[in-house]
Every structure is written in C-alpha cells, then in structure tokens.
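Engineer: Below is the structure I would like to discuss, written out as structure tokens.
The values are calculated or read from the model by the stated rules, or taken from the named source; none is laboratory data. Keep in mind that this is a model prediction, so the values were computed, not measured. In this analysis, Cβ positions are derived from the backbone assuming ideal geometry, glycine residues included, and neighbour counts consider all displayed protein chains. Just the protein is used for accessible areas: all its heavy atoms, side chains included, with ligands, DNA and RNA removed. Shrake-Rupley method; radii C 1.70, N 1.55, O 1.52, S 1.80 Å.
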Amino acid sequence: MKELNAGDQEIAEKIYLIRGHKIMLDKDLAEMYGVETKRLIEQVNRNSLRFPPEFMFRLTNEEFDVLRSQFATSKRGGRRYAPYVFTEHGILMLSSVLNSKQAITMSIKIIEVFVKFREMLISHKDLLLKFEQLEKLVIHHDDEIQSIFQALKQLIQQKNEPREPIGFKLNG
C-alpha cells in the first residue's frame, strides 16, 4: 500500500466527504492550478457538458456552513455564495478545460492521492474482515473457556472428603 508523503498530505487535507462523495472545493483547486476561482468557474461554465452533477455540484448553504466549521473560517468576508465542489472525475475533467501545464500536473497529483485513498480504504476493509474473523474465533474460544472455568469451579466446590490412600499396603 502506498503511503501519503508531505505533498500528498497537503492535498489530502483538502479532500472532504460530502453527499457520499470525496470532493475538493473550487477555491482549493483554483489555488493549486494557479488560477483565480472566478476563472476556474468560467471555464467550467463554458464547458458545462463536461461536468454532469456526479462530477461537480454546488454545496447547499447548510453543507457549506458545516464545511466552514471544519476549517474554522468566519462567515464575514470571503464568499457570498456556496462553493462548487468537484469529485475525482470532475477534477480529472478540469485538466482538460484548464489547459495549462500546472493544471495538468496538479490534476495528475490529485488523482494519485484519490487512488492512494482508495487503496487505503481497501486495505482497511481487509483488516476489518480479519478482525471479524478473529472475533468469531474468540467468541467460540470464550465459550470453551467458560466451560473450563465452570468445570474448575465444580472441582473447587466439591468437598474434600478423605480418600483412601493410594499405593501398596503392608499388612502387619
């Protein structure tokens, strides 16, 4: 499994989970691509057929408020409108409408981070499956251990009645 290096970590910190999609904000992408957010959105609008709702959507005000609370920014200043967000496929499509070398390079880097996330998720699913198997095994052993403890308790609770000595007896 690939690990996230420092550069990847910076990108990963700008990926959020909204509506079941891993997304990135328009302003973060614009910054990485070296363009103004306004210009990025202009290019998207000029090529709207390339960006269906599963590639890009606008956050609701409620979603934006929740997201804003995650990165601790105030309501004053900044944006007047909720941002557009782009899924992995939307980010890939951005590189075709923003035809700069920096945009293409950053798109590739961002997609690599998404792939690493996917690999890590698959690895975590494998670990979860192994933990579930261990849990079943332990539960089975717990039942057996309980039986052993019950047998030990019965042995301890039995009265120690004097027994006839074992061994050879000498008559005489």
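Engineer: In square angstrom, rounded to the nearest 10, how much accessible surface does T60 have for a 1.4 Å probe?
Structural biologist: The value for T60 is about 50 Å².
Engineer: Leaving ligands, DNA and RNA out of it, work out the accessible area of E135 with a 1.4 Å probe and give it in Å² to the nearest 10.
Structural biologist: Number for this one is 110 Å².
Engineer: What's the magnitude of the charge dipole for the range 81-130 around its Cα centre, counting Lys and Arg as +1 and Asp and Glu as -1 at the beta-carbon? Answer in Debye, nearest 20.
Structural biologist: 80 debye
Engineer: Arranged from highest to lowest average of other beta-carbon atoms within 10 Å per residue, in what order do the peptides 94-107, 118-131, 45-58 appear?
Structural biologist: Order by mean packing, descending: 94-107, 45-58, 118-131.
Engineer: Taking the Cα centre of the chain as origin, work out the dipole magnitude from +1 charges on Lys and Arg Cβ and -1 charges on Asp and Glu Cβ, in debye rounded to 20.
Structural biologist: 580 debye
Engineer: At a threshold of 8 angstrom on Cα-Cα distance, excluding pairs fewer than six apart, so keeping six or more, what relative contact order does the chain reach in percent?
Structural biologist: Taking the mean separation of contacting Cα pairs over the length of the chain, I get 25 percent.
Engineer: Which listed residue (L127, Q102, F117) has the Cα farthest towards the positive end of the charge dipole for the range 99-143, taking +1 on Lys and Arg C-beta and -1 on Asp and Glu C-beta about the Cα centre?
Structural biologist: Most positive-ward Cα: Q102.
Engineer: Roll a 1.4 angstrom probe over the protein heavy atoms and tell me the percent of accessible area of the range 89-172 that is carbon or sulfur.
Structural biologist: Here carbon and sulfur together make up 62 percent of the probe-accessible area.
Engineer: Sticking with this one: How much accessible area per residue does the chain have, in Å², with a 1.4 Å probe?
Structural biologist: 76 Å²
Engineer: Sticking with this one: Using r as the Cβ-Cβ distance of Q70 and Q150, and R0 as 41 Å, what FRET efficiency do you calculate, to the nearest 0.05?
Structural biologist: Calculated transfer efficiency: 0.20.
Engineer: In nanometres, what is the gap between the two model label sites at I139 and T60, each 7 Å from Cα along Cα-to-Cβ?
Structural biologist: 3.8 nm
Engineer: How many percent of DSSP beta bridges within the chain run antiparallel, rounded to 5?
Structural biologist: Looking only at bridges with both residues in the chain, the antiparallel portion is about 100 percent.
Engineer: I'd like to know which of L49, Y16, F168 lies farthest towards the positive end of the charge dipole of the chain, counting +1 on Cβ of Lys and Arg and -1 on Cβ of Asp and Glu.
Structural biologist: After comparing all options, I get L49.
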